[in-house]
Structure formats: C-alpha cells, structure tokens
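Notes follow once the structure below has been shown.
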Amino acid sequence: MSQNLVWVIGGPTASGKTALALDLALEKNGTIINADSMQIYQGLPIITACPTAEEKAKCPHRLFEILDPSVRGNVVDWLKLAVEEIKKAWLNNQTPVVVGGTGFYLDNLIHGTTPVPPTSPETRTRVNNLLEEKGLKYLWENLKQIDQPIAERLNAADKTRICRAYEVWLETGIRLSDWHLKPLVQTLPEARFQTVEICPPMSELETRCYSRFDKMLEKGALAEVETLVQKGLDESLPAMNALGVPELRAYLKGDLTLAQATILAKQHTRQYAKRQRTWFKNKFNAEVTITHGYTKADLTNVFKTYLYDMNKQKRVTS
C-alpha cells in the first residue's frame, strides 16, 4: 500500500460514485468514507442513495447515517470526523476511499479549510435560543450589522449559514468574513490525494437521475419521508431538504399528487446534478476523469492513470 494515499471520488448525483468506490475498495483493501452531506443523516438511506446493507457488508463503510436528522451538519464537523477515519484506515493498513458529491467537503479536505475554531455547544445553544425566541429575521438583521460582507453573500432565508456566521462571531469576536481572509489550513498535510471525477453528459445524467428516483419509490422512499415528517422537525433542517424530500412531504400534506411530486423531484434532482457537474468540471481538477456513468470496465483505466502518475513522480524525484 502506498504511503499516506487517499483516493477521492467525486461527481454529480447518480453518476456511479458508490459503485466505483466499492470496486476500488475491494481491489485495494479499502475503507469507504462518506463525503455526501445528506448520506450522513439517519433514517433516509433510500432517498439519499446510501450504500445498501449488502454493499456495506463487503468492506468497511464510515460516516454514513451517523447524525440524527434534527442536527445541522456542517463541513467543520465532517472534516474532523473524516480526518480521524482516514488516519484509522492508515493505521489498519487499509486504503481510505473518500466518496461523495458535496464538492465543498472534498475541496476542504484536499486543499485546506478556513481556520475557524469550532463553536462550543453553549454558543450553539445560545444562538438556537435566539432563533426560537426572536426569529431568523432578528439574527439576519443583526448579522448585517455585525458582518455585512458575509450577510451580502447569504440568502435571508438560509437559516443554517446565518446561524453559523452568528455563532462564529459570538464564539471568537471575529467576523466570519475576516476568518475567510486568513490562509487556509491543511488538516491532513501528509496525505497524497488521488482524485477521480465521474462526469457524464447531462443527457445521460438526466436519464440516470430519473430512473434512480423511480427505483427509490419502489424501494420505499415515501415511507422514509413519512417517518421523517412524523418527527415534527424544523422544515429548514438539511435532512428535511434532501433531494426528493420536500416534494414527497408536499404529497403527504395533500398539496401535490404523487405524480406531480415525482415530476418535481426529478426536475429538481436534474437541476442539482447539473450544478454539481459544473462545479466538478471547473474546480475539482481530478487526475482521472470518467466521461460517462461509471461501469466496472472503467476501473482498469483508473489504475493505469494512477500507476502512470506514480512513475512520473518517481522520475521527477529520483
């Protein structure tokens, strides 16, 4: 096993990332580490397309379904957990395979993160109490006075990011916009990342998105969402807005027919996949790019490119 190697697989939803991660992990004695901001939540394995129980049984899987849906997950918490899991894999002589479509998570892992210290539970509770007592508009108006640069970049309805910016200011006395001006900090400087991007054309991606959503409904996605709704959670929570969840919630409320909810969910999934695809094409800069939905035949080319890069590095350093 190559020293401190981390495989990173990214790409839009429904492109075949899960299948590639599993094939790669099985070939390289790997541990699969989740980098999808929705697959981290419990109770939604079908609608968020988590690996199945059968897939999980084939090799270790980490950071899947670990948070209650009442929690607002964030990149800071995920990054800390991901680094811990990567180091555990190395200690166990296993290859970490990080996989997901949340580009922000992958970017922070590979290139570094803004050095904002974690906020304490007390500060988070304080902000949550302000939110419940005085409302989001109060926090938003205060944030505009405290940190105008950040406020101008946020949507007034973006509860998660408004609360995060407010927490940082209360915890540190420094504006989040000022933290963003500081040099990035590498959380895993010893790692050597080997990146793979799956980037099918939109026509293929659309077909895969639509087909997958139909299969999700067949497997019980509606029951998952119904159970989630019964928890009575804040509808602004990330888990309540996973792809397909808002539309199925609307059906359960009687606001849409199931056919209407399905059409809207597919449209929104396609739009999200398109945005993901644009981000990965422009910002991921992967060593290997698969230009169609993944099939097992692609694994050979992934390894060939990796070996070529390794040999090139040896020639440069020798």
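The values are calculated or read from the model by the stated rules, or taken from the named source; none is laboratory data. In this text, all values refer to a predicted model and were calculated from it rather than measured experimentally. Positions of Cβ are generated from backbone atoms using ideal geometry, with glycine treated the same way; all protein chains shown enter the neighbour counts.
Below is a table of values for the structure above.
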quantity	calculated
Flag if residue 83 is assigned to a helix (DSSP H, G or I), of a type in the set (Val, Ile, Thr), under 30 Å from residue 274 (Cβ atoms) and assigned by TED's automatic domain parsing to the domain that holds residue 193	no
Filter result for the condition that a residue is basic (Lys, Arg) and either buried (at least 17 other Cβ atoms within 10 Å of the Cβ) or touching a Phe, Trp or Tyr at 6+ places or on another chain (Cβ under 7 Å) (or both), over 266, 219, 253	266
Filter result for residue 218 (charged (D, E, K, R), in the same structural domain as residue 95 (by TED's automatic domain parsing) and without any contact (Cβ under 8 Å) to a residue 24 or more places away in the chain)	yes
Which listed residue, of 236, 203, 211, is assigned by TED's automatic domain parsing to the domain that holds residue 46, outside any helix (DSSP H, G or I) and not β-branched (Val, Ile, Thr)	236
Matching residues in the stretch 278-302 - criterion: being assigned to a helix (DSSP H, G or I) and closer than 17 Å to residue 18 by Cβ	280, 298, 299, 302
Test: residue in the stretch 28-43 that is over 18 Å from residue 240 (Cα atoms) and either of a type in the set (Gly, Ala, Ser) or outside the structural domain of residue 204 (by TED's automatic domain parsing) (or both)	yes
Set 108, 93: member being crowded, with 16+ Cβ neighbours inside 10 Å, in the same structural domain as residue 48 (by TED's automatic domain parsing), of a type in the set (S, T, N, Q) and more than 30 Å from residue 230 (Cβ to Cβ)	108
Some residue of the stretch 246-261 being among the β-branched types (Val, Ile, Thr), modelled with pLDDT of 95 or more and under 30 Å from residue 132 (Cα atoms)	no
Every pair of residues 6+ apart whose Cβ atoms lie under 8 Å, when the first sits in the stretch 162-176 and is touching a residue at least 40 places away in the same chain (Cβ under 8 Å) and over 18 Å from residue 121 (Cβ atoms) while the second is buried (at least 18 other Cβ atoms within 10 Å of the Cβ) and of a type in the set (Phe, Trp, Tyr)	176/169
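Every residue, every condition in (1) farther than 26 Å from residue 180 by Cα; (2) touching a Gly at 6+ places or on another chain (Cβ under 8 Å); (3) at pLDDT 90 or above, yes or no:
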position	(1), (2), (3)
64	yes, no, yes
78	no, no, yes
93	yes, no, yes
97	yes, yes, yes
125	no, no, yes
142	no, no, yes
151	no, no, yes
158	no, no, no
